1. Quick one: give the max-minus-min coordinate of the C-alpha atoms of segment 54-187 along each principal axis, largest first, in Å.
2. Report the normalised scattering of segment 199-340 as log10 I(q)/I(0) at q = 0.16, 0.19, 0.20, 0.21 Å⁻¹, calculated by the Debye formula with identical scatterers on the alpha carbons.
3. Roughly what percent of Cα-Cα pairs across the chain reach past 33 Å?
4. Could you work out how far apart the two model spin labels at N151 and I216 are, taking each label as a point 7 Å from the Cα in the direction of the beta carbon, and quote it in nm?
5. Rolling a 1.4 angstrom probe over the protein heavy atoms, how many square angstrom per residue are accessible across the chain?
6. Using the alpha carbons of segment 108-207, what is the convex hull volume per residue in cubic angstrom, as a whole number?
7. Would you please give the FRET efficiency between N20 and R294, computed as 1/(1 + (r/R0)^6) with r the Cβ-Cβ distance and R0 = 45 Å, to the nearest 0.05?
8. Over all directions, the average projected area of the alpha-carbon convex hull for segment 61-100 comes to how many nm²?
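The values are calculated or read from the model by the stated rules, or taken from the named source; none is laboratory data. Predicted, not measured: the structure shown is a model, and the values here were computed from it. Note: ideal-geometry Cβ built from the backbone for every residue, glycine included; neighbour counts use all protein chains shown. Note: areas computed on protein heavy atoms with side chains; ligands, DNA, RNA excluded. Shrake-Rupley method; radii C 1.70, N 1.55, O 1.52, S 1.80 Å.
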Amino acid sequence: MALENIKFLVLWVTGDCNLNCKYCYADGKTNKESMSFEIAKMAIDRCDKGPVKLQLAGGEPLLNLELIKEIYDYIKLNNIPAILQMQTNATLIDSKVARDIRDMNISMGVSFDGTIEINQYLRGKSPKVLSGIRHLKDEGIMVNLNCVVTNRNIEYLDQLVDMAYYLGNVGGVGLDLLRLTGRALENKLEIREATEKEIKYALKRAYLRTREIERISGRRIVLREIEEAKRRIEQPLRCGEYCHASYGGSAVVLPNGDIYPCGSLIGNEEYYMGNILNEDSIKDVQIATIAPPRCRICKYKDICQGACPARAIINNNGEIPDQDCVLRRTSFEIAEDYME
């Protein structure tokens, strides 16, 4: 079968990476193999219904920039209705790479976890990251920062907002709660999940910082989770799904052609979708979560999008963890206060 239901296609263009993040969920699940154009083309062609969001990921996708250019040329030449996105550590972006990204009109997400010192501890090469973001700025490219929330950086979220403001080309910050897999397990004595209390306090403080910056400068740095909460309050009963993988609309294709619904579940046989080289092997896979009893009595149950299903599987045997609930609930509370 073709990947006819796929609306979000992730091409894992390489398993290689030039960083050694302390919590990386991909560590040990993929090798350093790079994707060929033949595999990429086959994956794109199997999503024949379009339009599709096409995310370039890894590893560090810019380690395979030549393939990314080939993918762009193929999409352009064949008028394929794909929207290109990239999640990168930005360390490899110089002025030439920034121009290439601009010319290919790729939406950019950059991983950064707090202050320079905190990011250096968790991820490394912070000066290179900031240099890459500045090169993107020189080409007029806006980015969003993506922060993995842990006990090590939760208290610095308001300072991450400051960083976003001073960089000048950051539109917003998204928060991903820690997945207890890969390198996070190896470093479990140093890295742990943030507590519910820490999340609630830090999120409120970060949001107040965005309001203060907007009042002083007129420029707005959005927090993704709170903006999503505002949209859902404005359009009641829009419960929907957390992500494309929740309804079977997502596919992550590895360099060898193997397919999973989410990058966090690579190597989990229960969620193996087949191989792109064997059409008969491909099957639909949805990721379901188990809503705990507290969800049934929650004030926001009819509009909440739930929690990351892959994180629920990895961290809590499929049941939505407490930290996810407090992140959503606090976002709704902040959104309500703002709208009132």
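1. 47, 33, 23
2. Ignoring solvent entirely, the Cα scatterers give -0.90, -1.08, -1.14, -1.20.
3. The calculated P(r) of the chain puts 25 percent of pairs beyond 33 Å.
4. Going from the N151 label point to the I216 one covers 3.2 nm.
5. Normalised by residue count, the accessible surface of the chain is 46 Å².
6. 90 Å³
7. Values: r = 37 Å, r/R0 = 0.83.
Once the sixth-power term is evaluated, E becomes 0.75.
8. The Cα convex hull of segment 61-100, projected and averaged over all directions, gives 3.0 nm².
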